[in-house]
1. Got a number for residues in the range 176-234 being closer than 26 Å to residue 18 by Cα and without any contact (Cβ under 8 Å) to a residue 12 or more places away in the chain?
2. Give the range 103-136 a look and list any residue that's outside any helix (DSSP H, G or I) and surrounded by fewer than 17 Cβ atoms within 10 Å (Cβ to Cβ), or say none.
3. Checking residue 76 against (1) among the hydroxyl-bearing types (Ser, Thr, Tyr); (2) touching a helix residue (DSSP H, G or I) at 6+ places or on another chain (Cβ under 8 Å); (3) without any contact (Cβ under 8 Å) to a residue 40 or more places away in the chain, only one condition comes out false. Which one?
4. In this structure, is residue 102 within 26 Å of residue 58 (Cα to Cα) and without any contact (Cβ under 8 Å) to a residue 60 or more places away in the chain?
5. For the range 38-59: of the residues being of a type in the set (S, T, N, Q) and not in a loop (DSSP other than H, G, I, E, B), which is farthest from the chain's Cα centre (by Cα)?
6. Do we find that residue 211 is assigned to a helix (DSSP H, G or I) and either of a type in the set (Val, Ile, Thr) or on the phi > 0 side of the Ramachandran plot (or both) in this structure?
7. Would the range 21-37 turn up any residue that is part of a helix (DSSP H, G or I) and at pLDDT below 95?
Amino acid sequence: MEPGTAAMAEPPVFHTRGLTKTYDQGEIQVFALRGVDLDLYRGELVVMLGASGSGKSTLLNILGGLDVPTSGEVRYRDIDLSAAGDRELTRYRREHVGFVFQFYNLIPSLTARENVAAVTEIASDPMLPEEALELVGLKARIDHFPAQLSGGEQQRVAIARAIAKRPEVLLCDEPTGALDSATGVLVLEALEKANRETGTTTVIITHNASIAGMGDRVITLSDGNISGERRNDQRQDPRTLSW
């Protein structure tokens, strides 16, 4: 049974209804989200597809507690994120969410092990940094500094850092956007393995439709709306992807 399938019978991890986000640009109001209804379930790997400006990053930032909606409801389990204040959102991010961004945001003066340890030292039930780095295939590079690592290796350190605190949710914003296809596949393998072995609900947002096959579900966004959704019968091995 694919990860996430059994959990579909449970209450969703994320529940959004009528989610909107608007920005004022002078006298013009720009709609980033236009009433999004979405449920995400424990342990599933979801690929969110959309062109630049489709609203996918805005949606990810709201799910991650980095932004708040203009209107509508967004809940993480029993936490109403749409009504949460800054302190509650900070606690939510620290305790429940791991982030992976397009650019790695590693600390240049710290080794791979030390970059991961910077997170595990403030987590309540972390993995050992060595365990997290082994999970993403970097056991042999553990004492290297970011400048001694390739772009793909740096991104895998960033994934290890995100999963080392054992988050219930892993949110990935264009994690292969700065990488070539062969390197990007290694990063996607690391994300798939982390999802499979830790049971973390994983969302990967991308403009790259080639990645869609590796998800349990594929959700397409367009102009601030969910324009399509499908469930893959079987997850595609990231090693078979190319773009």
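1. 2
2. Hits for the range 103-136 are 103, 105, 107, 108, 109, 110, 121, 122, 123, 124, 125, 128.
3. (3)
4. So residue 102 fails the test.
5. 58
6. The answer is yes for residue 211.
7. No, the range 21-37 contains no residue that is part of a helix (DSSP H, G or I) and at pLDDT below 95.
Rundown of residues vs (1) in contact (Cβ under 8 Å) with a residue 24 or more places away in the chain; (2) of a type outside the set (D, E, K, R), yes/no style:
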| residue | (1), (2) |
| --- | --- |
| 23 | no, yes |
| 26 | no, yes |
| 33 | yes, yes |
| 44 | yes, no |
| 54 | yes, yes |
| 67 | yes, no |
| 70 | yes, yes |
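The values are calculated or read from the model by the stated rules, or taken from the named source; none is laboratory data. All values reported here derive from a predicted model rather than from experimental measurement. Glycine gets a Cβ as well: all are built from the backbone with ideal geometry, and neighbour counts include every protein chain shown.
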